[in-house]
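Working notes, structure below.
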Amino acid sequence: MFTLNINGLRRQIDLPSDTPLLWALRDYLGLTGTKFGCGISACGVCTVHANGEAIRACVTPISAVVDKQIVTIEAIDQDEIGKKVQDAWLSVNVPQCGYCQPGQVMAATALLKHTPKPTDADIDKAMSGNLCRCGTYPRIRAAIKQVAGSTEVSS
Ligand code: FES
Ligand code: FES
């Protein structure tokens, strides 16, 4: 039995220690906003925060996060920066099919919490592991720059 801090709540999880956090979130706790894509840390769709850092829930065992504050897309609007990111996502109309977007929002929020005024290189580095088969990258960049207070948009 593990106790994890998920979105500010202590949650009891009766699963083996090597269970990926993604399955604990989706299958055990019903937090299905975090998506499954590749399962091998290659697409970023399962991105959540652990103590404010973006991590891949598909390759993170629950035993590795027992002492961490986990935040998922379901609660990112309770974070000041996360709320701004979501508002910018709507303003710029970022999503297309939407499947990758929870992971994109989590990655962008982690970036902006650490680097409030990211350069293009900062954005590329932080977001390069989050794939979007719909090609929303220019709008993702625009939304990040909107949060950063910049009007400069490049693709
Ligand atoms: S499902 Fe975790 S990185 Fe692809
Ligand atoms: S919006 Fe469709 S995969 Fe990114």
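Structure data summary
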{"quantity": "Added length on full extension, which subtracts the Cα-Cα distance from 0.36 nm per residue, D67 to Y28", "calculated": "12.1 nm"}
{"quantity": "Rounded if a/c under 1.5, otherwise prolate or oblate - the chain, Cα gyration tensor axes", "calculated": "prolate"}
{"quantity": "Point-to-point label distance, D87-A121, nm (Cα→Cβ direction, 7 Å offset)", "calculated": "3.1"}
{"quantity": "Sequence-distant aspartates and glutamates (8 or more away, or on other chains) whose Cα lies within less than 17 Å of K83", "calculated": "E53, E74"}
{"quantity": "For the stretch 29-105: rounded, prolate or oblate by the Cα gyration tensor [a/c cutoff 1.5]", "calculated": "oblate"}
{"quantity": "Average accessible surface area per residue within the chain, 1.4 Å rolling probe, Å²", "calculated": "49"}
{"quantity": "Label-zone membership for the stretch 102-122, site E80, 7 angstrom Cα→C-beta point, backbone N under 12 Å", "calculated": "113"}
{"quantity": "Accessible carbon and sulfur surface of the chain relative to its total accessible area, %, 1.4 Å", "calculated": "51"}
{"quantity": "C-alpha long axis of helix 101-114 to longest principal axis of the chain, angle in °", "calculated": "80"}
{"quantity": "Rounded if a/c under 1.5, otherwise prolate or oblate - the stretch 71-110, Cα gyration tensor axes", "calculated": "oblate"}
{"quantity": "Cross-link reach list, aspartates and glutamates versus K145, counting only Cα pairs under 14 Å and skipping chain neighbours closer than eight places", "calculated": "D87, D120, D122, D124"}
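The values are calculated or read from the model by the stated rules, or taken from the named source; none is laboratory data. Computed from a predicted model, the values in this text were never measured in an experiment. So basically every Cβ, Gly included, is an ideal-geometry build from the backbone, and we count neighbours across all protein chains shown. Just the protein is used for accessible areas: all its heavy atoms, side chains included, with ligands, DNA and RNA removed. Shrake-Rupley method; radii C 1.70, N 1.55, O 1.52, S 1.80 Å.
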